1. Would you be able to tell me the number of residues in segment 71-80 that are in contact with a helix residue (DSSP H, G or I) (Cβ under 8 Å, 6 or more places away or on another chain) and surrounded by fewer than 17 Cβ atoms within 10 Å (Cβ to Cβ)?
2. On the basis of being within 30 Å of residue 172 (Cα to Cα), within 25 Å of the chain's Cα centre (by Cα), in contact (Cβ under 8 Å) with a residue 24 or more places away in the chain and surrounded by 12 or more Cβ atoms within 10 Å (Cβ to Cβ), does residue 229 make the cut?
3. Among all residue pairs at least 6 apart or on different chains, which show Cβ distances below 7 Å where the first residue, located in segment 209-221, is on the phi < 0 side of the Ramachandran plot and at pLDDT 95 or above and the second is in a helix (DSSP H, G or I) and surrounded by 20 or more Cβ atoms within 10 Å (Cβ to Cβ)?
4. Just the residues that are within 18 Å of residue 147 (Cβ to Cβ) and either in contact (Cβ under 8 Å) with a residue 12 or more places away in the chain or surrounded by 16 or more Cβ atoms within 10 Å (Cβ to Cβ) (or both), please, taken from segment 184-199.
5. Where residues in segment 1-54 are surrounded by fewer than 10 Cβ atoms within 10 Å (Cβ to Cβ) and not in a helix (DSSP H, G or I), which of them is modelled with the lowest pLDDT?
6. Return yes or no: is residue 120 surrounded by 15 or more Cβ atoms within 10 Å (Cβ to Cβ) and either at positive phi or touching a residue at least 24 places away in the same chain (Cβ under 8 Å) (or both)?
7. So which of 91, 84 ends up being within 22 Å of residue 232 (Cα to Cα), within 26 Å of the chain's Cα centre (by Cα) and surrounded by 18 or more Cβ atoms within 10 Å (Cβ to Cβ)?
8. In this structure, is residue 173 farther than 30 Å from residue 99 by Cα and under 33 Å from the mean Cα position of the chain (by Cα)?
């Protein structure tokens, strides 16, 4: 016959083990190790554009938070719900800070785009009034030439830095390629020549700005996704609603 005391102890032990199993089942999932470089691709942590430092800093912040949340989830003292709520607070705080930093980056990009646009217009603007007045006529003449005539004419002007040659270069480069009266590559060559003469940084800054813009877009889109890998925000929200009720 089973001793009532032993039976009670066995029942209590079973209850404890069942509670432990339930607690383990509710335990938050550990994040992927940040040491695997999991933030590099989603946060576009590559390239050599002027926005790289900001992306590197964002990766470093998420890596530090990943390690902090991992340590939190391994804490044997806290309950599963306490871990989730604490992690949610940390994650939301970082996400809010990063989103604010992203808006500042967009502001800087907007200012840089305006700066480039103004400098580009100045670099491609003919320095003489008579050249600007003749530009439309020059483009009209170029469009009226046959392919061979235009090629022969432009070849005769290549390498020439005289007034006539510079007038043609400004007339062509100051408008979009489709309005210039010359093939795209010819337009680009003339445009690049004037930029090199008047503002050499404009040969690289527009591309840098485009790369910076595209990579910031990628980072901005992926911040919420990577945050959800650190904590179950839906579970945290449900827990808080129960607490408020």
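1. Within segment 71-80, the subset in contact with a helix residue (DSSP H, G or I) (Cβ under 8 Å, 6 or more places away or on another chain) is 72-73, 75, 78-80.
With surrounded by fewer than 17 Cβ atoms within 10 Å (Cβ to Cβ) added as a condition, the list becomes 75, 78-79.
Residues that pass the stated criteria total 3.
2. Numbers: within 30 Å of residue 172 (Cα to Cα): no; within 25 Å of the chain's Cα centre (by Cα): yes; in contact (Cβ under 8 Å) with a residue 24 or more places away in the chain: yes; surrounded by 12 or more Cβ atoms within 10 Å (Cβ to Cβ): yes.
No; evaluated as a whole, the condition is false for this residue.
3. Sorted first by the residue in segment 209-221, then by its partner, the pairs are 215/55; 219/55; 219/58.
4. Matches in segment 184-199: 186, 187, 189, 190.
5. Step one: list which residues in segment 1-54 are surrounded by fewer than 10 Cβ atoms within 10 Å (Cβ to Cβ), which gives 1-6, 24-25, 35-36, 48, 53.
Next cut, not in a helix (DSSP H, G or I) only: 1-3, 48.
Working: 1: 54, 2: 61, 3: 71, 48: 96.
Looking at the filtered set, the residue picked out is 1.
6. Working: surrounded by 15 or more Cβ atoms within 10 Å (Cβ to Cβ): yes; either at positive phi or touching a residue at least 24 places away in the same chain (Cβ under 8 Å) (or both): yes.
Yes, satisfied.
7. Numbers: 84 fails: within 26 Å of the chain's Cα centre (by Cα).
91 is the lone residue from the list that is within 22 Å of residue 232 (Cα to Cα), within 26 Å of the chain's Cα centre (by Cα) and surrounded by 18 or more Cβ atoms within 10 Å (Cβ to Cβ).
8. Values: farther than 30 Å from residue 99 by Cα: yes; under 33 Å from the mean Cα position of the chain (by Cα): yes.
Yes.
The values are calculated or read from the model by the stated rules, or taken from the named source; none is laboratory data. Since the structure is predicted, the reported quantities are computational estimates derived from the model, not experimental observations. Here Cβ is always computed from backbone atoms with ideal geometry, including for glycine, and neighbour counts include all displayed protein chains.
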